[in-house]
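A short write-up of the structure that comes next.
The values are calculated or read from the model by the stated rules, or taken from the named source; none is laboratory data. Everything numeric in this text was worked out from a predicted model, so none of it was measured. In this analysis, Cβ positions are derived from the backbone assuming ideal geometry, glycine residues included, and neighbour counts consider all displayed protein chains.
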Amino acid sequence: MTQILDLADIQATVLRNRPMPYCGAYVFLRIDDPEHARTLLYRLIPKITTSADWQKPIDHAWINIVLTYAGLARLGLSQQILDGFPMEFRVSMAARKEFLGDIGESDPSRWDYPFGSQDLHAALVVMARDQDSLEAKLAIGREAMVGLPGVTVIGQLDVALPANFREHFGFVDGISRPFIEGQGGSPLPGQGEPLKAGEFFLGYVNELGELARGPGPQTLWTNATYLSLRKLHQNVAQFRRFLRQRAKTPRDEELIAAKMVGRWRSGCPLALSPDRDDPEIGKDPMRNNAFAYYDDDPKGLKTPAGSHIRRVNPRDALQDTIVNSRIHRVFRRGSTYGPMLPEGILEDDGVARGNVIAFVNANPARQFEFVQSQWVNDGDFISAGHDKDPIVGNHAEDSQYTFPARPVRQRLDGLPSFVVTRGGQHVFLPGIGGLRWLAEGCR
Amino acid sequence: MATKVIESERTAMAQKVTRHPDGPGLRIGKRGELTGIGKVTPDGARIFRERLPQFQAEAAYWENRIGTVQSFRLFLFDNDTRILFSIVYDGDFKPYVEDLMNDVSPWMDQIFGGVWEGYTNFKDPALMDLIRNAQVTAEFFYAAYPEVSCRDVQKMKRLSAAVSEMLDAAS
């Protein structure tokens with residue numbers, strides 16, 4: 001049976017393609033008065049952008065709203081319903097620090113406000129193709145809060161995807177994503193069999209053949225999902241120095257960087273061009289994701305098993321194990337914050353810069369948290385002991401990366417943490433019906 | 001009240017035993033233990049013994065797929081009225097529950113179905129509750145090489161064989 005998604009009820013964040021390039025903002029809110037929060041929702045609902053026109057958007061901008069567990073509690077949700085939310089969502093991401101590897105420099109006590117605090121109750125998620133349309137959407141948020149002192153803006157995090165589509169380490173970002181049953185169109189080469197909608201939205205059947213459900217009335221959770229938000233600081237100068245120190249030539253620098261990520265900086269996958277960058281492949285959506293590992297590269301001679309892209313999405317590589325990779329997929333929405341470090345600079349300028357990622361998942365435990373704990377911050381699933389993701393892993397304790405090569409494998413010792421967690425929060429992204437139910441006093 | 005440990009050369013190698021960060025049981029390094037006790041159904045012991053040889057014969061196949069179990073033991077005791085399972089494994093258990101349910105349920109159902117009271121099948125969403133209720137945390141736990149997983153051992157065996165082969169070729 002063909003899967004039909006209720007696009008007019010799903011907030012835009014999940015399905016809508018972000019305009020490329022784009023700018024955006026997360027506006028963080030604290031709720032002190034439930035009545036004011038309900039009024040805010042009531043005013044915002046008609047303005048919330050849905051996924052309905054995601055293929056042919058009227059304006060290239062959107063405004064969405066997300067709520068934390070504490071925010072739902074402030075809105076007056078009954079304890080019985082609150083208790084029905086997944087444990088990972090209820091306890092907040094900071095409380096999961098040990099499991100998620102947010103230790104040492106990444107410890108929640110060092111996170112940027114309001115992450116890890118008691119104050120983060122809701123956030124407006126605003127994305128637009130230019131600064132003017134972004135301002136227009138932010139104005140909608142501001143207007144909706146007029147006369148509501150019980151809802152306070154406690155921070156704003158500006159994000160963007162620069163015109164060259166590159167994140168701070170210099171890699172083209174956002175190439176690979178899952179294809180969801182019912183999203184329309186056909187999968188691009190390499191996206192594989194469409195994933196069941198219940199992996200990404202509540203109210204639909206998931207890959208286990210079960211209806212993905214939430215707590216309380218069906219209205220609250222149908223077409224809702226969770227975003228697992230991560231604010232990740234990138235030590236760009238340190239990354240550049242590391243490559244410079246470990247490589248013999250500039251070409252070698254690029255090879256080491258590519259072996260750590262699994263793609264050249266252009267986005268061209270090692271799987272399709274293992275020895276040199278081919279930016280034409282990187283640019284071509286029909287080719288830049290068209291690969292698998294099990295038959296083509298079981299030993300990781302092209303794309304190392306421990307490289308970033310093969311860890312976070314092992315594709316078909318784990319089919320001889322009990323792990324069913326299809327139940328551990330996330331839909332990743334990444335954007336950068338902070339200015340780019342100019343080319344060639346090898347000294348840290350002390351400026352905050354990094355990536356804000358929203359991982360869309362209907363089940364944070366077996367999706368985002370599984371990927372982070374089992375694949376990013378551990379190596380056992382690929383017989384790599386304690387080794388972690390060389391790019392985004394926490395290297396506070398262990399610090400080596402080994403990749404196969406001819407005639408002998410190469411090992412990079414003394415790996416620093418190139419990425420440091422500066423914030424994390426699981427948030428709930430209700431459907432329009434769910435927002436209305438909350439606005440009407442949970443009735 | 002816990003007695004204070006008297007430091008000496010015999011305590012210098014003490015292993016750090018913690019609660020599992022995301023699941024039941026104790027943990028040392030990468031090694032975790034999961035022990036549980038359940039009731040046996042009235043006809044359970046007979047069924048158990050009838051199926052045991054097949055279950056035993058298939059163990060290596062299934063455990064090889066799982067790849068993280070160091071040891072697994074089952075006991076019937078108290079005149080066959082109770083069953084005890086004791087597993088020592090690498091890494092985390094809870095994150096893999098859905099994968100285990102998906103993959104090894106035929107094997108698990110073979111030994112626990114109709115034997116362990118309350119057990120319906122390994123894919124039952126209530127399974128975690130059944131395990132949680134049966135689970136008893138070990139009072140004492142020691143693990144040799146807690147940092148070396150089953151997969152590490154397999155890799156070391158391959159490496160050792162390759163080195164031997166190279167030395168043979170050179171001699």
Is it the case that the stretch B:96-110 has a residue that's more than 12 Å from every other protein chain (Cβ to nearest Cβ), surrounded by fewer than 17 Cβ atoms within 10 Å (Cβ to Cβ) and within 14 Å of the chain's Cα centre (by Cα)?
no
The number of residues in the stretch A:42-60 that are assigned to a loop (DSSP other than H, G, I, E, B) and either modelled with pLDDT of 75 or more or hydroxyl-bearing (Ser, Thr, Tyr) (or both) is 6
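Limited to the stretch A:299-335, what total is found for residues that are in a helix (DSSP H, G or I) and of a type outside the set (Gly, Ala, Ser)? Spell out how you get there, then give the answer.
Kept after step one, since they are in a helix (DSSP H, G or I), are these residues of the stretch A:299-335: A:308-312, A:325-327.
Still in the list and also of a type outside the set (Gly, Ala, Ser): A:308-312, A:326-327.
Summing the residues that are in a helix (DSSP H, G or I) and of a type outside the set (Gly, Ala, Ser) in the stretch A:299-335 gives 7.
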Among (1) hydrophobic (A, V, I, L, M, F, W, C); (2) touching a Lys or Arg at 6+ places or on another chain (Cβ under 7 Å); (3) under 28 Å from residue B:154 (Cα atoms), which single condition is residue B:40 missing?
(3)
Would you be able to tell me the number of residues in the stretch A:336-394 that are assigned to a loop (DSSP other than H, G, I, E, B), within 14 Å of chain B (Cβ to nearest Cβ) and over 13 Å from residue A:419 (Cβ atoms)?
13
Anything in the stretch A:401-424 that is more than 14 Å from chain B (Cβ to nearest Cβ), polar (S, T, N, Q) and either more than 20 Å from the chain's Cα centre (by Cα) or surrounded by 24 or more Cβ atoms within 10 Å (Cβ to Cβ) (or both)? List them, or say none.
A:410, A:421
For residues that are more than 7 Å from every other protein chain (Cβ to nearest Cβ) and in a strand (DSSP E or B), tally how many sit in the stretch B:86-95.
4
Would you be able to say whether some residue in the stretch A:271-288 is assigned by TED's automatic domain parsing to the domain that holds residue A:411, part of a loop (DSSP other than H, G, I, E, B) and at positive phi?
no
Does at least one position in the stretch A:274-292 carry a residue that is within 26 Å of the chain's Cα centre (by Cα) and either farther than 30 Å from residue A:163 by Cβ or within 14 Å of chain B (Cβ to nearest Cβ) (or both)?
yes
Filter the stretch A:131-162 down to the residues that are out of contact with any Lys or Arg (no Cβ under 8 Å at 6 or more places or on another chain) and under 19 Å from residue A:332 (Cα atoms) and list them by number.
A:158, A:159, A:160, A:162
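Can you tell me which residue in the stretch A:371-387 is surrounded by the fewest Cβ atoms within 10 Å (Cβ to Cβ), limited to those that are among the polar types (S, T, N, Q) and either touching a strand residue (DSSP E or B) at 6+ places or on another chain (Cβ under 7 Å) or over 11 Å from residue B:149 (Cβ atoms) (or both)?
If we take residues in the stretch A:371-387 being among the polar types (S, T, N, Q) and either touching a strand residue (DSSP E or B) at 6+ places or on another chain (Cβ under 7 Å) or over 11 Å from residue B:149 (Cβ atoms) (or both), then A:374 is surrounded by the fewest Cβ atoms within 10 Å (Cβ to Cβ).
Can you tell me which residue within the stretch A:299-316, out of those that are within 14 Å of chain B (Cβ to nearest Cβ) and over 20 Å from the mean Cα position of the chain (by Cα), is farthest from residue A:21 (Cα to Cα)? Don't jump to the end; show me each part of the working.
Residues of the stretch A:299-316 within 14 Å of chain B (Cβ to nearest Cβ): A:299-300, A:305-306, A:314.
Next, from what is left, pick out any that are over 20 Å from the mean Cα position of the chain (by Cα): A:299-300, A:305.
On the way: A:299: 36, A:300: 33, A:305: 31 Å.
Of everything passing the filter in the stretch A:299-316, A:299 is farthest from residue A:21 (Cα to Cα).
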Filter result for residue B:46 (among the basic types (Lys, Arg), touching a helix residue (DSSP H, G or I) at 6+ places or on another chain (Cβ under 8 Å), farther than 19 Å from residue B:139 by Cβ and not in a strand (DSSP E or B))
no
Among helices (runs of 4 or more DSSP H) lying entirely in the stretch A:71-133, which contain 3 or more residues that are within 14 Å of another protein chain (Cβ to nearest Cβ) and out of contact with any Leu (no Cβ under 8 Å at 6 or more places or on another chain)?
A:87-91, A:97-100
Checking residue A:324 against (1) away from chain B (no Cβ under 14 Å); (2) surrounded by fewer than 18 Cβ atoms within 10 Å (Cβ to Cβ), which test does it fail?
(1)
